[in-house]
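The values are calculated or read from the model by the stated rules, or taken from the named source; none is laboratory data. Predicted model only: the values in this text are computed from it and were never measured. Here the Cβ is made from the backbone with ideal geometry for all residues, glycine too, and neighbour counts use every protein chain on show. With ligands, DNA and RNA removed, areas are computed over all heavy atoms of the protein, side chains included. Shrake-Rupley method; radii C 1.70, N 1.55, O 1.52, S 1.80 Å.
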Amino acid sequence: MNVLARSSVAAWTLAIAGSALAQGVLAPPAQPQDTLTRAAASVGIQRCLPAITRLATLTVQGSRAHDVLLDWDRKRPDAGPVFSLVGIQYPNAGVAASITAIPDDSGACTVSAERISVAPFTCASVAEQELKNYKRTPLLPIYTVYTDDKEPTSSVSLIDSPPGCLVIRRYVEYGWRDPNAPMPAAAPAAPAGQAPKRR
């Protein structure tokens, strides 16, 4: 029972551009709508929505259009995990991304994101160009994971798939909190010389 949230970014962009040309002004390039945030909010997801928005905005940046496949807990949408698969269209490439958010009892969220693409080069050349200073961990003859000590929750996996290379960029963060959310109020301190009350 998946819900497919389809964006009409291309039609919307053409409509805006056509309107601007009719008025004789140059319109700025239209940004793709963040369909994942809209879809998640529409089913009642709030606690992890800032994390979803942050990851989704970065994921679709510079794209021409995108669509979203969303899965969530229907019985408790704001307390259960949210899983999404985003198909992204760029001018000369297609990319898939997966974004997951899981709220915990403290109000924080565990989030993960994966960006999956195919490079029209060998994995060795991709590693040489983009991952020179990364630690290399071969898992299979065709599968190597690259990590950077400066970003311990991220990794890049390269899988040989001739004539190209399957590239999976992965990010995970535990206990993510919205930096713009108000801090919870601290419990009042006990007066000097008085033991705190037991609950």
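Worth pointing out:
- Looking only at the range 152-169, and only at residues there that are closer than 10 Å to VAL118 by Cβ and of a type in the set (Gly, Ala, Ser), the one that is most open to solvent (accessible area, probe 1.4 Å): SER161
- A single entry from THR137, THR100 fulfils the requirement of being over 24 Å from THR35 (Cβ atoms) and either in contact with a Cys (Cβ under 6 Å, 6 or more places away or on another chain) or assigned to a strand (DSSP E or B) (or both): THR137.
- The set of residues in the range 55-79 that are within 20 Å of ALA181 (Cα to Cα) and buried (at least 17 other Cβ atoms within 10 Å of the Cβ) comprises LEU55, ALA56.
- Selection of the range 103-127 for residues being aliphatic (A, V, I, L, M), open to solvent by less than 50 Å² (accessible area, probe 1.4 Å) and outside any loop (DSSP other than H, G, I, E, B) yields VAL111, ALA113, ALA119, VAL126, ALA127.
- Residue check for ARG38: touching a helix residue (DSSP H, G or I) at 6+ places or on another chain (Cβ under 8 Å) and open to solvent by 70 Å² or more (accessible area, probe 1.4 Å): no
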